[in-house]
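One structure is given below, encoded as structure tokens.
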Amino acid sequence: MLTVTEITKAYGGRTLFDDVTTSFDPSNRYGLTGANGAGKSTFMKILSGELEPDGGEISRPPNSRMSVLHQDHSRFEADIVRDVVIMGNGRLWAAMQEKDKLLDSGEMNDEIGMKLGDLEVIIAEEDGYDAESEAEQLLVGLGIPVEDHGSPLKMLQGGMRLRALVAQALFGTPDILLLDEPTNHLDLDSIGWLSNFLKKFSGVLVVISHDRRFLNEVCTHTADVDYENIILYPGGYDAMMRQKVAYRTQSEKQNSVKKKRVLELQDFIRRFGANAKKASQAQSRRRAIEKIDMVDLKRSNIQRPFIRFEVKKPSGKLVLEVDKVHKSFDGEVVLKDVGFTLTRGEKLAIVGPNGIGKTTLCRILAKKREADRGKISYGHEVSAGYLPQQHEEGIDKTEQGTAYDWLYQWDQKSTVQEIRGLLGRMLFPSQDAEKSLKALSGGETVRLLLSKLTLTKDNLLILDEPTNHLDLESIRALTEALQKYEGTLVFVSHDHYMVQDVATCILELKGDGGFDFFPGSYNEFLVKTGRGGQAVGS
């Protein structure tokens, strides 16, 4: 059990947690949820001991082993990938290192022999003789090929390095597992593998993720960070939201009834309080008012942007024609004779493992990069809007200017009030509209790029990982906006619900540059390709 007692934490005069007391029990898997800035990562750091609270304490059973997902891979860059994973069990790794050092010394006496025996006991207790095999299984499950397991971590691409750190956190069956955004940089197949792995975990799991399906599948409970508190709910994210909304609605109704009763009592006191004959009745009503307790409804941290993509001018029926597009880098084929057509209103999801070429294809479709050969053709009256995965391709944060200045340039016919109104709907209050570009957070940058697309009203949208840095409610708002969008859409996303709820056709990129085009929903695609166990309803 991981116990939190009277935890308080504030930053810059803002209270994140006020006297929070709760506990996390073994065999339960807790999703830690809340709006961006609510304090989820701060609370995770307090749980791990990385950050001290202003007050209160964290306790866990003696000799229990806690494993934490480290997002900083620079500390392990020179280490072999397989070893990085095994380092997840510090006791085992220390014993293995000391054993190797003693053996490499070439010395042997009774003392060294006894020490080696003690180390062998530790290695056996920690299942060290299966360590390499377990590490490799974790790495393969997370999409890191066997040929990379013996390479230094720095040889992997950034996303793959973080996968190795996820494997490190999972290694060795810890008693307590703390995961902050483990689904970042995972493709849909790897997210599915991680979900299945964690569902078998028998210790205490606390996980932060902006993937709603992942939370619904994995979590038995939800710990929601809101109202300067952490409230536990049974079930995954959707179950928590239903309970939260129901409680809020019921409490508001109760408060409304109580306010009406208080007004009635106050009216009687006002009319008859000075009447000697009814003085006792007035006093009785004063006492009744004192006994009426209103439910304390603090302002919620949850905010949801209003996103709506309109079309300024409809395109022709044929929107996009891709003919035998080929692209390679340093002799390695990424895209090989990729071809498909999209008609007005179709919504294409591009899927496949990380590094397979999805971003490259999006850049080519958006005409931001040239194909080696092949042809990209836009149809009649097509206007394309593009949201890049690397946000600096869309917003140069080295430029001077504010969020307002940057957005205004895309439609200078708009009034100040219209631009500020749009920013407000996208969760930029008046003071944040004047925030400099270089000061924007990841979530603010994405919302500003989306604001541009709502302003330009293109009839073809090409979106590469638009959910990166967005919180769960913003992702839901974006998903609903894309469902209602009347134009044509091409998008890449690792959010299963977005792919399932939005896509009308699927383009799967495969190894050696190959591809398959499937007309139908993502669930239908999974069933057709024999992966139907991953299919879900919305």
Strands (runs of 3 or more DSSP E) wholly inside region 1-74 containing at least 1 residues that are open to solvent by less than 40 Å² (accessible area, probe 1.4 Å) and within 30 Å of Val85 (Cβ to Cβ): 2-11, 14-24, 29-33, 66-68
Inter-residue pairs, beta-carbon under 7 Å, first open to solvent by 70 Å² or more (accessible area, probe 1.4 Å) and in region 316-339, second at pLDDT below 90 and not in a strand (DSSP E or B), 6+ apart: Lys336/Asp512; Lys336/Gly513; Lys336/Gly514
Only one of Pro174, Pro152 that is open to solvent by 30 Å² or more (accessible area, probe 1.4 Å), modelled with pLDDT of 90 or more, touching a strand residue (DSSP E or B) at 6+ places or on another chain (Cβ under 7 Å) and not small (Gly, Ala, Ser): Pro152
Residues that are touching a residue at least 12 places away in the same chain (Cβ under 8 Å), more than 30 Å from Ile231 (Cα to Cα) and not in a helix (DSSP H, G or I), drawn from region 248-297: none
Given (1) touching a strand residue (DSSP E or B) at 6+ places or on another chain (Cβ under 9 Å); (2) outside any loop (DSSP other than H, G, I, E, B), index of the condition Glu132 fails: (1)
Residues (open to solvent by 70 Å² or more (accessible area, probe 1.4 Å) and either among the small types (Gly, Ala, Ser) or assigned to a loop (DSSP other than H, G, I, E, B) (or both)) located in region 185-206: His185, Lys200, Ser202
From Ile80, Ile86, residue being farther than 13 Å from Ala131 by Cα and open to solvent by less than 60 Å² (accessible area, probe 1.4 Å): Ile80
Residue satisfying all of: in region 432-445; outside any helix (DSSP H, G or I) and polar (S, T, N, Q); nearest to the chain's Cα centre (by Cα) among these: Ser441
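The values are calculated or read from the model by the stated rules, or taken from the named source; none is laboratory data. Since this is a predicted model, take the numbers as computed values, not measurements. When we count neighbours, we look across all protein chains shown, and the Cβ atoms used for this are built from the backbone with ideal geometry, even at glycine. Each accessible area value is taken on the protein alone, full model and side chains, heavy atoms only, with ligands, DNA and RNA left out. Shrake-Rupley method; radii C 1.70, N 1.55, O 1.52, S 1.80 Å.
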